[in-house]
Amino acid sequence: MRHGATEWSAAGRHTGRTDVPLTAEGEAQARRLGEALAGQRFGLVLVSPLARARRTCELAGFGGQAEVDPDLVEFDYGDYEGLTSAQIRESVPGWTIWSGTCPGGETLAQVGARADRVVARVRASGADDVALFAHGHVLRIVAARWCGLDPAEGRCLSLDPATRSRLGWEHDYPTVRAWNEA
């Protein structure tokens, strides 16, 4: 589950480690997410340490069972924190998070390594169903790594605020079962 809307996400600003709160709409989205998840039982619930993800988890009704996992924190955008892609492209034409770098921040490979740890933890948990409450870019990378794809393939999986997605298996293959459901 991706967290609900924030002022920065609504404006398209890269929001990594800055701990911005949910907007009133983001809180309403999180409650609706909880309604959509009503009756669902999770053997493990992991949440990013950032307040926007923790608050979404709480409002969705899973805060009491959530464990903070620092590997679910959003991409560290370094010097690009708070900027939009268009602003970054003014000085770095053609830049994307998927093909460029973030000076003073993380590399895609570093976020991919964190995603690999999340995937390993989920698979080792023995739980039938696991919930992750986190952020747009890191969840897209987790999904790519779940399927054995390069972290950059997360670019193919757009993710809106307060949506749920399902990863799973078909026979012996990890799959994306559903994506970006409101």
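The values are calculated or read from the model by the stated rules, or taken from the named source; none is laboratory data. What you see is a predicted model; the values in this text were computed from it and never measured. Cβ sites come from the backbone with ideal geometry, for glycine too, and all protein chains shown count toward neighbours. Remember, those area values only see protein heavy atoms, side chains included, never the ligands or the DNA or RNA. Shrake-Rupley method; radii C 1.70, N 1.55, O 1.52, S 1.80 Å.
Does R145 satisfy being without any contact (Cβ under 8 Å) to a residue 24 or more places away in the chain and surrounded by 22 or more Cβ atoms within 10 Å (Cβ to Cβ)? Steps first, answer last, please.
Values: without any contact (Cβ under 8 Å) to a residue 24 or more places away in the chain: no; surrounded by 22 or more Cβ atoms within 10 Å (Cβ to Cβ): yes.
No: the conditions fail for R145.
Have a look at A51, A24 and point out the one that is out of contact with any helix residue (DSSP H, G or I) (no Cβ under 9 Å at 6 or more places or on another chain), closer than 23 Å to F75 by Cα and open to solvent by 10 Å² or more (accessible area, probe 1.4 Å). Before you say what the answer is, go through the steps one by one.
On the way: A24 fails: closer than 23 Å to F75 by Cα.
Result: A51 is the single residue among A51, A24 that is out of contact with any helix residue (DSSP H, G or I) (no Cβ under 9 Å at 6 or more places or on another chain), closer than 23 Å to F75 by Cα and open to solvent by 10 Å² or more (accessible area, probe 1.4 Å).
Out of the stretch 48-69, which residues are in contact (Cβ under 8 Å) with a residue 40 or more places away in the chain and closer than 15 Å to G16 by Cα? Talk me through it step by step, then tell me what you get.
Initially, the stretch 48-69 is screened for residues in contact (Cβ under 8 Å) with a residue 40 or more places away in the chain, giving 48, 50, 52-57, 59-60, 62, 66, 69.
Those that are in contact (Cβ under 8 Å) with a residue 40 or more places away in the chain and closer than 15 Å to G16 by Cα: S48, L50, R52, A53, R54.
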- Message: Need the failing condition index for R41 against (1) loosely packed, with under 15 Cβ neighbours inside 10 Å; (2) part of a loop (DSSP other than H, G, I, E, B); (3) free of Cβ contacts under 8 Å to residues at least 24 places away in the same chain, just the number.
- Response: (3)
- Task: Just give me the residues in the stretch 57-79 being touching a Gly at 6+ places or on another chain (Cβ under 7 Å) and under 19 Å from R13 (Cα atoms), in sequence order.
- Result: E74, F75, D76, Y77, G78, D79
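Test of understanding: among G64, G104, which residue is open to solvent by 60 Å² or more (accessible area, probe 1.4 Å) and assigned to a loop (DSSP other than H, G, I, E, B)?
Numbers: G64 fails: assigned to a loop (DSSP other than H, G, I, E, B).
One residue alone meets the criteria, G104.
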